[in-house]
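Reviewing the structure listed below.
The values are calculated or read from the model by the stated rules, or taken from the named source; none is laboratory data. None of these values were measured; they are calculated from a predicted model. As a convention, Cβ positions derive from the backbone with ideal geometry for all residues, glycine included, and neighbour counts pool all protein chains shown. All accessible areas refer to the heavy atoms of the entire protein, side chains included, with ligands and DNA or RNA removed. Shrake-Rupley method; radii C 1.70, N 1.55, O 1.52, S 1.80 Å.
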Amino acid sequence: GCYESGYDRDNSSFIAGRDDPEWFFQVYQDNLYFVAPSQGIYVYQPVDFKELRYQQIETSENFDWARGYSESTLIKRLDFFPGIYRDGFVYAEGSALTKISSACVFRDRLAFATEHEVFFSDPGRPSNIIAMNFIFCPSANKITALGELRGNLLVFTDHEVYLYIPSEGTVISRGRPLVSVSNNLGCIGSSSVLNAGNRIIWVSHTGVFSTSDGSSISEMSKDIRSFWKT
């Protein structure tokens with residue numbers, strides 16, 4: 001929508017992106033969530049339009065071009081509000097979560113990571129987060145990525161990997177404390193994690209690694225290890 005031109009504005013030129021993009025993306029329930037720590041959470045809900053609409057860009061004549069044909073109205077900010085368990089729990093509301101650095105689908109929920117905490121939404125309801133339904137990462141480094149493996153959660157920082165085994169029930173933050181899996185094989189960012197069936201693959205500052213059980217880690221890039229040497 002930002003590239004549509006009108007009578008008083010010419011948006012025919014593309015806008016250059018940042019050298020260090022902070023946005024990351026997560027698909028959940030056929031919707032696309034995109035997040036930046038400084039901007040918050042947005043969700044795009046795709047639709048099929050029944051009719052074609054055409055617009056042309058004209059800068060030599062002062063034609064009053066019609067507006068409103070873009071899909072910008074299908075993108076909305078995700079705010080939090082009380083869910084179906086409001087009678088028994090206090091929920092996060094409004095823009096209570098800030099500086100979200102990563103997200104992943106976890107047990108039919110969305111897990112959101114801030115600098116040192118991971119919050120869990122209600123099942124199937126990403127806008128509903130019970131205030132106490134979160135875990136704390138004891139690392140001095142900030143969380144960079146999340147990934148689900150066999151019903152458990154891997155929490156990554158720049159140089160560390162933690163494993164979280166959740167509790168059952170509505171509040172899944174009552175599980176065991178995070179277990180340190182590695183203190184030198186972190187993940188460089190949220191877009192550098194791939195869930196490949198029963199295995200998670202990620203990119204660290206020293207190579208590409210994977211795990212199938214959350215505790216034993218194998219190096220997939222050992223044949224090209226020299227690429228990561230500085």
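Just checking, does region 166-173 include any residue being open to solvent by less than 50 Å² (accessible area, probe 1.4 Å) and more than 28 Å from residue 88 (Cβ to Cβ)? Looking for residues that are open to solvent by less than 50 Å² (accessible area, probe 1.4 Å) and more than 28 Å from residue 88 (Cβ to Cβ), one finds none in region 166-173, hence no.
A Cβ distance below 9 Å, combined with a sequence gap of six or more or placement on separate chains, defines the contacts here; from region 209-221, residues that are of a type in the set (Asp, Glu) reach residues that are outside any loop (DSSP other than H, G, I, E, B) and at pLDDT 90 or above in the pairs 213/149; 219/208; 219/209; 219/210.
Summed over region 128-147, residues that are in contact with a strand residue (DSSP E or B) (Cβ under 7 Å, 6 or more places away or on another chain) and surrounded by fewer than 18 Cβ atoms within 10 Å (Cβ to Cβ) total 4.
Looking at region 76-102 only, could you name the residues that are part of a strand (DSSP E or B) and under 30 Å from residue 198 (Cα atoms)?
Matches in region 76-102: 102 only.
Scanning region 183-192 turns up one or more residues that are touching a Ser or Thr at 6+ places or on another chain (Cβ under 6 Å), over 26 Å from residue 30 (Cα atoms) and aliphatic (A, V, I, L, M).
Set side by side, the residues 105, 118 differ, and just one is of a type in the set (Val, Ile, Thr), part of a strand (DSSP E or B), surrounded by 21 or more Cβ atoms within 10 Å (Cβ to Cβ) and at negative phi, which is 118.
Does residue 156 satisfy being modelled with pLDDT of 95 or more, part of a strand (DSSP E or B), open to solvent by less than 10 Å² (accessible area, probe 1.4 Å) and among the aromatic types (Phe, Trp, Tyr)? The answer is yes for residue 156. Being at pLDDT below 95 and under 16 Å from the mean Cα position of the chain (by Cα) holds for only one residue in 80, 120, and it is 80. Just one of the numbered conditions (1) open to solvent by 10 Å² or more (accessible area, probe 1.4 Å); (2) outside any loop (DSSP other than H, G, I, E, B); (3) touching a residue at least 12 places away in the same chain (Cβ under 8 Å) is not true of residue 111: (1).
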